[in-house]
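**Student:** One structure, pasted below without further comment.
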């Protein structure tokens, strides 16, 4: 598969979510996003307003993390975090699933947790919700269950990982996620994707969004 720079840039979520990221780092992220025409930038909630301001004259979307990185906040708190992010200019949300509830077999809580964030779509009909299931921490059956619950709860995407735990995205996980959610739902591969070749392999496996903290290098390395 050959993916052009332009095609790839549009499905890249250029990501800056490390705890030590500074205001200057966010400014650099947004400048690069404009330069390469990335589809979206992902920042932590404290920088959503800044990123939205910097990208106000572009078509680049701003995504906020929710419940990041552990996912164990109460559903009501995640919903409030999501509401504030939307008010600050986010048009996409990357929320972390409640792994503790999933591992405990409390699927009702897992669904309630996701649905609480999905409900924030009432504030914006264009809002996208992506659910991070942290594949490296799950068994195959748990991955399948997580994807099914995310779909049932009305999420728009399932996402492989935060990039902070385990090995990140794998071809096998992306294929499995795509198989479970079908064609109508998005699959975002994130975690350890650092080159053009890495990105293309994930797209071939079924991903239609790529999350990476090395977006500029990936595009510059594209043929």
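Every read-out reported here was derived from the displayed coordinates using simple, explicitly stated rules and does not represent laboratory data. Worth saying up front: this structure is predicted, and the values here are computed from it rather than measured. For neighbour counting, all protein chains shown are included, and Cβ atoms are generated from backbone atoms with ideal geometry for every residue, glycine included.
**Student:** Anything in the stretch 207-222 that is over 21 Å from residue 25 (Cβ atoms) and either surrounded by fewer than 18 Cβ atoms within 10 Å (Cβ to Cβ) or without any contact (Cβ under 8 Å) to a residue 24 or more places away in the chain (or both)? List them, or say none.
**Tutor:** Result: 208, 221.
**Student:** Give 42, 72 a once-over and let me know the one that is touching a strand residue (DSSP E or B) at 6+ places or on another chain (Cβ under 9 Å), assigned to a loop (DSSP other than H, G, I, E, B) and within 18 Å of residue 164 (Cβ to Cβ).
**Tutor:** 72
**Student:** Moving to a separate point now. Within the stretch 107-129, count every residue that is part of a loop (DSSP other than H, G, I, E, B), crowded, with 17+ Cβ neighbours inside 10 Å and out of contact with any helix residue (DSSP H, G or I) (no Cβ under 8 Å at 6 or more places or on another chain).
**Tutor:** Result for the stretch 107-129: 0.
**Student:** Right, something else. Could you tell me which numbered condition residue 140 fails, if it satisfies all but one of (1) surrounded by fewer than 17 Cβ atoms within 10 Å (Cβ to Cβ); (2) within 30 Å of residue 19 (Cβ to Cβ)?
**Tutor:** Result: residue 140 fails condition (2) only.
**Student:** Another one. For the stretch 146-154, indicate whether the set of residues that are touching a strand residue (DSSP E or B) at 6+ places or on another chain (Cβ under 6 Å) and surrounded by 17 or more Cβ atoms within 10 Å (Cβ to Cβ) is non-empty.
**Tutor:** Filtering the stretch 146-154 down to residues touching a strand residue (DSSP E or B) at 6+ places or on another chain (Cβ under 6 Å) leaves 147, 150.
Within this subset, residues satisfying the condition of being surrounded by 17 or more Cβ atoms within 10 Å (Cβ to Cβ) are 147, 150.
Scanning the stretch 146-154, I find at least one residue that is touching a strand residue (DSSP E or B) at 6+ places or on another chain (Cβ under 6 Å) and surrounded by 17 or more Cβ atoms within 10 Å (Cβ to Cβ), so the answer is yes.
**Student:** I would also like to ask the following. Check the stretch 169-176 and report whether any residue there is over 21 Å from residue 38 (Cα atoms) and assigned to a loop (DSSP other than H, G, I, E, B).
**Tutor:** For the stretch 169-176, residues over 21 Å from residue 38 (Cα atoms) and assigned to a loop (DSSP other than H, G, I, E, B): present.
**Student:** Here's something else I'd like to know. Any residue at all in the stretch 23-41 that is closer than 30 Å to residue 107 by Cα, in contact with a helix residue (DSSP H, G or I) (Cβ under 7 Å, 6 or more places away or on another chain) and surrounded by fewer than 17 Cβ atoms within 10 Å (Cβ to Cβ)?
**Tutor:** Checking the stretch 23-41: not a single residue is closer than 30 Å to residue 107 by Cα, in contact with a helix residue (DSSP H, G or I) (Cβ under 7 Å, 6 or more places away or on another chain) and surrounded by fewer than 17 Cβ atoms within 10 Å (Cβ to Cβ).
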